[in-house]
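Bear in mind these aren't lab numbers, they're just calculated from the coordinates by the rules spelled out. The structure presented is a predicted model; accordingly, all values stated were derived computationally and were not measured. Ideal geometry is used to build each Cβ from the backbone, glycine not excepted, and the neighbour counts take in all protein chains shown.
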Amino acid sequence: VMHAVALTKRLREHDPTTRVTVNACHPGVVNTNLMRHTPAFWGPINKLISPFLWFFFKTDNDGAQTALYLALSKKVDGISGKYFSDCAEKSVHSLAADLNACEALYNYSIEACGLDKSAID
Ligand SMILES: *[C@@H]1O[C@H](CO)[C@@H](O)[C@H](O)[C@H]1NC(C)=O
């Protein structure tokens, strides 16, 4: 979310007329086989809970809906630097409202990843 805020500011400063938007989204808890390499999810426990997963987890199709909504819906046209879950904007931690903190995290990330700052500005 903080990166979405910082990147929105950069994009708007670079080109105030840009139609590019950047938002953060949570897909929800989706039943994928992402945990197949996590030993805690193998064996008898997995066999025991797997018949009930559908009740607590979203399908991959359902999990894609918020990302698709942000990419395709006219309802979010021009909205940038926000956080979405279940196809709706949600409130965020107060740090995401602190533009200086968002920029500091963005700057730190560029440095920590060894990226060339001048190429990104
Ligand atoms: C982040 O880096 C930019 C230059 O790329 C600088 O202008 C800005 O002051 C920095 N912001 C923070 C909070 O460090």
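General remarks:
- Helical runs (DSSP H, four residues minimum) scored at -39500 (n - 2.57) apiece and divided by the length of the chain put the mean residue ellipticity at 222 nm at -12000 deg cm²/dmol.
- Dipole in debye (nearest 20) - the chain, about Cα centre, beta carbon charges: Lys, Arg +1; Asp, Glu -1: 360 debye
- Once the chain from LEU115 to LYS47 is taken as fully extended at 0.36 nm per residue, the excess over their C-alpha distance is 20.1 nm.
- Under 5 Å, built H, 5+ apart or other chain: amide partners of VAL30: LYS58
- Part-to-part distance (alpha-carbon centres) for the range 82-104 and the range 14-34, which is given in Å: 12 Å
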